[in-house]
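The values are calculated or read from the model by the stated rules, or taken from the named source; none is laboratory data. Quick caveat: nothing in here was measured; it's all calculated off a predicted structure. Every residue, glycine among them, receives a Cβ derived from its backbone with ideal geometry; neighbour counts consider all protein chains shown.
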Amino acid sequence: MYGVVTRNEDELMWPEFDYGFYEVKDVTGRTTNPVASGTNMISCFGDNKAAEADPSLVPVNDANELATRDRSYFDWDYICPSRDQYQEQLIETIDDVASVNPDVRLDDIGFPRREYCLCDVCQEKFAESSYDDWFKWRSSIITDFVETAVEHIPGRVYLTLYPDPYPGHLYKRTGINVDAITPYVDEFVVPLYDLSYSTTYWLEIIASGFQTRVDNPVSIELYAVNIETDNLIHATEVAQEYAKCVFFAYDAETARDTIEAISHEDDTAE
């Protein structure tokens, strides 16, 4: 099966796509109205706009460095997941989205890296908690948020995972305890982005790793912008061996060309 990740509502209805994710809130903080024709997708703790409006919301490490795109290893600004008021705003967004389409995809869940966040709010909440292990406390913040969010999603729950299936890495890096959140999630989506897909051995390694690591269905999301069709075809053929569905992000025309080429190959083979 094939799907699309898009900001253009009309592309959700293209017949080549079995599923479609529509970005209602992305990492820039841009928001738009939810749609009924696709699964609406919400960037939770990635939000440039909110970080610029209130830098005190941004996670910090022990060197007091902010988790923003000014750092060489971040592509967007993060919001500290422990902030109750921001979480409440996210729940309101989920309510608005779920009233239009009951299925929702939660994106950008978790802390930015293992060394974040050491803000005053996090340290105070940890001190007041029943936990004596910092990483267990961080994980409880994420698990509790997912549990609360899912209570507001009447349909199918999709959740994006950072593309690292190695045991313990997601837990230490993002605070996501896969085993703890699995009961709340219907399907995980793993973005495996590349700017060319000129080689795909790494894609197979990561995709197969998630197939082994996760009990729930896993779909793979490929980047489609400015990718040569032949390379994207090969990446798709590798990904679909391990994924329930292959999603193509942000270039529906290239995705359509790729799907049509694969279908033609299948027809020829028959």
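Computed quantities for the displayed model
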item: Sole exception among (1) within 23 Å of V24 (Cβ to Cβ); (2) crowded, with 19+ Cβ neighbours inside 10 Å; (3) aliphatic (A, V, I, L, M) for A53, by number; result: (2)
item: Residues being free of Cβ contacts under 8 Å to residues at least 40 places away in the same chain and of a type in the set (F, W, Y) - total across segment 232-263; result: 1
item: Test: residue in segment 179-195 that is under 27 Å from P102 (Cβ atoms) and of a type in the set (S, T, N, Q); result: yes
item: Among (1) over 18 Å from D75 (Cβ atoms); (2) without any contact (Cβ under 8 Å) to a residue 40 or more places away in the chain; (3) among the polar types (S, T, N, Q) - the single one N40 does not satisfy; result: (2)
item: Total residues in segment 183-203, condition more than 22 Å from I42 (Cβ to Cβ) and either in contact (Cβ under 8 Å) with a residue 24 or more places away in the chain or surrounded by 14 or more Cβ atoms within 10 Å (Cβ to Cβ) (or both); result: 7
item: Positions within segment 127-176 being within 30 Å of W202 (Cβ to Cβ), surrounded by 17 or more Cβ atoms within 10 Å (Cβ to Cβ) and over 18 Å from the mean Cα position of the chain (by Cα), in sequence order; result: R138
item: Options I233, I206, I262, I220: the member that is crowded, with 17+ Cβ neighbours inside 10 Å and more than 23 Å from the chain's Cα centre (by Cα); result: I262
item: Subset tally (residues that are over 20 Å from I153 (Cβ atoms) and either crowded, with 20+ Cβ neighbours inside 10 Å or among the basic types (K, R) (or both)) for segment 3-26; result: 5
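Here's the yes/no breakdown for (1) modelled with pLDDT under 95; (2) under 17 Å from the mean Cα position of the chain (by Cα); (3) within 23 Å of V5 (Cβ to Cβ):
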residue: N40; (1), (2), (3): no, yes, yes
residue: D54; (1), (2), (3): no, no, no
residue: D77; (1), (2), (3): no, yes, yes
residue: E88; (1), (2), (3): no, no, no
residue: E92; (1), (2), (3): no, no, no
residue: D95; (1), (2), (3): no, no, yes
residue: V104; (1), (2), (3): no, yes, yes
residue: C119; (1), (2), (3): no, no, no
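For every residue, the table says whether it meets (1) in contact with a helix residue (DSSP H, G or I) (Cβ under 7 Å, 6 or more places away or on another chain); (2) among the aromatic types (F, W, Y); (3) surrounded by 15 or more Cβ atoms within 10 Å (Cβ to Cβ); (4) under 30 Å from C245 (Cα atoms).
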{"position": "V58", "(1), (2), (3), (4)": "yes, no, yes, no"}
{"position": "N64", "(1), (2), (3), (4)": "no, no, no, no"}
{"position": "D103", "(1), (2), (3), (4)": "no, no, yes, yes"}
{"position": "G110", "(1), (2), (3), (4)": "yes, no, yes, yes"}
{"position": "Y116", "(1), (2), (3), (4)": "no, yes, yes, no"}
{"position": "D120", "(1), (2), (3), (4)": "no, no, no, no"}
